[in-house]
Amino acid sequence: PNVSDQTRQDAAEGAREDVREGFKAVYGRTPDGVWAAPGRVNLIGEHTDYNDGFVMPLALPHTVHLAAARRDDGIVRLHSGDVPGAAYQVPLDALTPGRDGGWAAYPSGVAWALREAPLPVGGADIHLASTVPTGAGLSSSAALEVATGAALSELYGLGLSRELLARLCQQAENDFVGMPCGIMDQMASACCTEGHVLHLDTRDLAQRQVPFDLAAEGLRMLVVDTRVKHTLADGAYAGRRRACEAGAAALGVPALRDVSHEELDAALARLDESLDDPEVRGCVRHVVTENRRVEETIALLDAGRTREVGPVLSAGHASLRDDFRVSCRELDLVVDTALSTGALGARMTGGGFGGSALVLVEESDTEKVGAAVTSAFASAGHLAPHLFEAVPSAGVRRL
Ligand code: GAF
């Protein structure tokens, strides 16, 4: 292996040993296995997944590491190295949607969803540690769900496919946690592969792994975590989803994915007659144009014209800001500053209302653009943002 492969392998082994040791300290026994599931950033295709549309996420090196062992008494115990306190404990039979809040709702929701399927899943001791920033729009919840689901699937010999695993994790989040998310984040954590973006049709889960080696082209992708914590469960996300569904119903289509870009003007005219609701209009416009931007991005990547993806990303940001209205001033500041200091493109990523932005930049401009963003945040009196490079990494795996 070359030096960076070796470093990665050492880091993976280190993380596996740490979480194994953590498990032993909490439960006084050895785990049956250790699993890892990543967070993601989405290159393009935002708020399209619950409209049956297209998305293009890549997995991050930031990961949930989870050690687990079977229990034969039907009890699930959950402990996180990132949260002080004793293990949370619940009998599988007592799992009820909405019963508990907090981080434990995600893994216990997965156990609940597997039982509801119904699949023959039993109890488990689980200990985990995560390097995915929470509330940063980088799918810390999906990583936690997918790691839990993969562990339970193997511990109980369920043999879940990656797609079914993602669906059950989405169900845990929708019906147990109460957040009406689409399928993108769980599919990203389950199905992404190193060195690729995942082009996903969220209607039938058709997938294509698209090579994404920015370094080979002298490019970089920066992720800027604004550290403005989003709370997607707070109703704004659900409200956008309802507006999209109202738009589809008014247009007489199963989902907004079924409105083509060519039909957009005619569809908006019909919408104005039947509904006359500016919020719904903006949502329809965003979703239809965003699906088109995914198509444009894939065509540019396939043609090796990666630099030209930049303006498509920036147009996506304008659409999320003005039509879909899920940006915020900190995200806009990242995008405006990056573009005015020479970035090729920039946009918010994830659900919005805070969280992270991504910036596509020439390798030689990376430091200049990063420094400009940091200094713009300082001048505006915002918290210092966290910046890191997005390197397309692997989806869920057993270590
Ligand atoms: C959040 C949701 F969980 C995803 O399903 C997706 O809708 C995204 O926001 C917006 O593209 O991450």
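The table for this structure:
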| read-out | value |
| --- | --- |
| Neighbourhood charge, 14 Å Cβ-Cβ cut-off, centred on L78 and excluding it, Lys, Arg +1 and Asp, Glu -1 | -1 |
| H127, H230 arranged by Cβ crowding within 10 Å, fewest neighbours leading | H230, H127 |
| Cα-only Debye scattering, the stretch 57-142: base-10 log of I(q)/I(0) at q = 0.19, 0.23, 0.26 Å⁻¹ | -0.91, -1.22, -1.38 |
| Cα convex hull of the stretch 129-203, projected area averaged across orientations, nm² | 5.8 nm² |
| Summed residue charge, Cβ within 12 Å of D213's Cβ, Lys/Arg positive, Asp/Glu negative | -1 |
| Compactness relative to 2.2 N^0.38 Å, alpha carbon Rg of the stretch 1-90 | 1.43 |
| Cα-based Rg of the chain normalised by 2.2 N^0.38 Å, two decimals | 0.98 |
| Bins of 10 Å, starting at 0 and running to the largest distance - Cα pair percent for the stretch 182-300 | 11, 32, 34, 19, 4, 0 |
| Loop trypsin sites (Lys or Arg not before Pro), the stretch 289-321 (other Cβ atoms within 10 Å of the site Cβ: 14 or fewer; DSSP) | R305 |
| The stretch 65-119: trypsin sites (Lys or Arg not before Pro) in DSSP coil with no more than 15 other Cβ atoms inside 10 Å | R99 |
| Relative contact order [Cα under 8 Å, 6+ residues apart], the chain, whole percent | 22 percent |
| Length-normalised contact order for the stretch 305-399 - Cα pairs under 8 Å, 6+ apart - percent | 23 percent |
| With 5 Å bins from 0: P(r) over the stretch 190-254, alpha-carbon pairs, percent | 3, 12, 10, 12, 16, 20, 14, 8, 3, 0 |
| Proxy reagent accessibility, fewest Cβ within 10 Å first, across W103, W112, W35 | W103, W112, W35 |
| Where only C-alpha atoms are counted, convex hull volume of the stretch 245-399 per residue in Å³ | 159 Å³ |
| Ellipticity estimate at 222 nm from DSSP helix runs (n ≥ 4, -39,500 (n - 2.57)) divided over the chain, nearest 500 | -13500 deg cm²/dmol |
| Cβ-based net charge around L222, under 14 Å, with every Lys or Arg adding one and every Asp or Glu removing one | -3 |
| Under-5 Å amide H pairs with H62, H placed in peptide plane, nonlocal only | G39 |
| Vicinal HN-Hα couplings computed from phi for the stretch 67-75 (Karplus, 6.51 cos²θ - 1.76 cosθ + 1.60; Hz; Gly/Pro x) | 9, 8, 9, 5, 10, 9, 9, x, 9 |
| Size of the stretch 326-398 as Cα extents on the principal axes (Å, biggest first) | 45, 30, 19 |
| Projected area averaged over orientations for the stretch 1-158, convex hull of C-alpha atoms, nm² | 10.9 nm² |
| For the stretch 245-314 and the stretch 47-124, distance of Cα centres in Å | 34 Å |
| Relative exposure of M179, M187, judged by other C-beta atoms within 10 Å (fewest first) | M179, M187 |
| Residue among G137, G101, G122 with the largest mean-square fluctuation in a Gaussian network model of the chain, springs linking Cα atoms under 10 Å | G101 |
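Every number here is computed from the coordinates shown, using simple stated rules; none is lab data. Here the structure is a predicted model, which is why all the values come from computation and not from measurement. Note that each Cβ is placed from the backbone with ideal geometry, even for glycine, and that neighbours are counted across all protein chains shown.
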